[in-house]
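Values quoted throughout were computed directly from the atomic coordinates according to the rules given, and no laboratory measurement underlies them. The shown structure was predicted, so the numbers you read here are calculated from the model rather than taken from an experiment. Note that we place each Cβ from the backbone using ideal geometry, even for glycine, and neighbour counts take in every protein chain shown.
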Amino acid sequence: MIETLWRPIKAGDLELNHRLAMAPMTRSRSTPAGIPTEMNAEYYAQRASTALIISEGTQPSDDGQGYILTPGIYTDAQIAGWRKVTDAVHSAGGKIVIQLMHVGRIAHPANTPHGRQPVAPSAVQPKAKMFTMTGLQDIPAPRALSEAEIASTVRDYRHAAAAAIKAGADGIEIHGANGYLVHQFLADNANLRTDRYGGSVENRIRFAVEVASAVADEIGAGRTGIRISPGNPFNDIVETNVPKVYEMLVRELGQLNLAYLHVMHMGDEGLLRTIRGIWPGVLFLNRPGADIATRTSDIESGVADVITVGGMNLANPDLIERIKRNAPLNAPDPATFYGGGAKGYTDYPALAPEAQR
C-alpha cells in the first residue's frame, strides 16, 4: 500500500518524515570554478518535500572532477555557494546531503582546474569519451595513484566532508558506484594493482572502507552514507566476482555504523536480498525505471527502508504531492539534463493551485 511511503524513519542522525528520497543526479549547472549558484539553490529547494535530497556528485578535489560545470566542496567559495543551497532547502523544510564523487579515470584534463592527467587505481584507459568545451574527446589513460597519493585522496574526502558540514549540509554520501574512483578500486578491469590495494577481495575493498572510515571519523557515522552499484558496467567497468566482493564490502562497512547504505539495483534480486540480510542499518534502494508501486513494494517486503527516485524528481518538483493526489507526472526532457539554464531545470511546472485542494 502506498501509505507505506509516508511512515517516518531515522537513518543515523537523519530524521526523515517519509520514505521517498531524491537520488543524486549530475546536472552540470555550477560555475566553471565549481561554485553552486542561486539557480542551483532554487532547483533543490523546489524539491525539498522529498524525505532527503541527495545532491549531484560533487568533487572533493581538483583531481576529482571529470565533467564540465560540476560543483566542488573543497574551497571557501564552494562552501559559500553550497551554503546558499542548504539554507534554501532548510528554509523550505527539507534535508540535504552532499554526494562526494571522485571520478578517478572518468575525466579529461580539459575539464579540470589544473589540467592534469586523470588518476586511478591503475593506468588502464577506459573505453569511453568525455564531453569538453571543444566537444567529445577520448578519455586519456590515467596515471596510477601511489600508496602515498591514495592516503592523500582519503584525506581529500575527509576535508570535503568537513567542508560539506560547514556549508550546512545534513550529511554526505560517498559515491562508490557507477564506475567512478571507489568503484574502480573494486573492479577487476580497472584495478590491476599488486600492493595492498589490489589483487584479493580484501585488498580491493580497502580504499572504499578507508574513505568511509575517514569520513565517519570526521563528521560522525550518523551523518555518513555510501552508494554502491554491484555489477554495474557503466563507465567501462567489469566485475567478475560480484557477490563475493560486495558481501565482504557490505560486512566491513556494516561495522562502521553508517547512517545508510544506498544500493543502485542492477537486477540481481538474490544479491540484493543477501545485502539486505548483511547490512545492519537503514538501506536506501534505487531501482531504475521502476514505478512507484513497485518501489513501494520493496519497502513492504523489507528489502528496502527508503526508496530513491531520480528522473521523476527531476521533472516533478512537487513529486510527493503528485503521488499523494494520484496526479499525472511531468515527463523529463533528456535534452536539458546536462548544462544550460533554467529550461529543464527549475521550470518544470508544479500542480495548479486548484489541483492541490
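For this structure, a couple of remarks:
- Matching residues in the stretch 301-321 - criterion: being farther than 24 Å from THR26 by Cβ and either outside any loop (DSSP other than H, G, I, E, B) or β-branched (Val, Ile, Thr) (or both): VAL303, GLU321
- All positions within the stretch 145-161 that are part of a helix (DSSP H, G or I) and either crowded, with 23+ Cβ neighbours inside 10 Å or among the β-branched types (Val, Ile, Thr) (or both): ILE150, THR153, VAL154, TYR157, ALA160, ALA161
- Among the residues of the stretch 226-256, the ones that are among the small types (Gly, Ala, Ser) and either in contact with a strand residue (DSSP E or B) (Cβ under 7 Å, 6 or more places away or on another chain) or not in a helix (DSSP H, G or I) (or both) come to 2 in all.
- Test result for ALA77, in contact with a helix residue (DSSP H, G or I) (Cβ under 9 Å, 6 or more places away or on another chain) and farther than 15 Å from ALA161 by Cα: no
- Single residue of the stretch 265-294 satisfying the filter (in contact (Cβ under 8 Å) with a residue 60 or more places away in the chain and out of contact with any Asp or Glu (no Cβ under 9 Å at 6 or more places or on another chain)) that is nearest to PHE234 (Cα to Cα): ASN286
- Leading residue by the ranking (nearest to LEU351 (Cα to Cα)) among those in the stretch 38-71 that are without any contact (Cβ under 8 Å) to a residue 60 or more places away in the chain, in contact with a helix residue (DSSP H, G or I) (Cβ under 7 Å, 6 or more places away or on another chain) and part of a loop (DSSP other than H, G, I, E, B): ALA48
- Looking only at the stretch 164-195, residues that are in contact (Cβ under 8 Å) with a residue 60 or more places away in the chain, among the β-branched types (Val, Ile, Thr) and either out of contact with any Ser or Thr (no Cβ under 9 Å at 6 or more places or on another chain) or within 12 Å of PHE207 (Cβ to Cβ) (or both) come to 2 in all.
- Selection count, the stretch 165-196, where residues are part of a loop (DSSP other than H, G, I, E, B) and within 22 Å of ALA123 (Cβ to Cβ): 13
- Residue in the stretch 256-264 that is surrounded by 13 or more Cβ atoms within 10 Å (Cβ to Cβ), of a type outside the set (Gly, Ala, Ser) and without any contact (Cβ under 8 Å) to a residue 12 or more places away in the chain present: no
- Once the stretch 101-144 is narrowed to residues that are part of a strand (DSSP E or B) and in contact with a His (Cβ under 7 Å, 6 or more places away or on another chain), the residue that is nearest to TYR197 (Cα to Cα) is MET130.
- Residue selected from the stretch 323-346 under the condition assigned to a helix (DSSP H, G or I) and among the charged types (D, E, K, R), by the criterion farthest from the chain's Cα centre (by Cα): ARG325
- Restricting the stretch 27-48 to residues that are crowded, with 20+ Cβ neighbours inside 10 Å and of a type in the set (S, T, N, Q) leaves a set whose member that is nearest to ASN286 (Cα to Cα) is GLN46.
- Complete set of residues in the stretch 103-144 that are within 20 Å of ILE205 (Cα to Cα), of a type in the set (Gly, Ala, Ser) and out of contact with any Asp or Glu (no Cβ under 9 Å at 6 or more places or on another chain): ALA120, SER122, ALA123, ALA144
- The set of residues in the stretch 1-25 being in a loop (DSSP other than H, G, I, E, B) and over 21 Å from ILE219 (Cβ atoms) consists of MET1, ARG7, PRO8, ASN17, HIS18, ARG19, ALA23, MET25.
- Within the stretch 347-357, the set of residues being out of contact with any helix residue (DSSP H, G or I) (no Cβ under 6 Å at 6 or more places or on another chain), touching a residue at least 12 places away in the same chain (Cβ under 8 Å) and either of a type in the set (Phe, Trp, Tyr) or in a helix (DSSP H, G or I) (or both) comprises ALA355, GLN356.
- A Cβ distance below 7 Å, combined with a sequence gap of six or more or placement on separate chains, defines the contacts here; from the stretch 200-223, residues that are surrounded by fewer than 23 Cβ atoms within 10 Å (Cβ to Cβ) reach residues that are in a helix (DSSP H, G or I) and of a type in the set (Phe, Trp, Tyr) in the pairs ALA208/PHE185; ALA214/TYR157.
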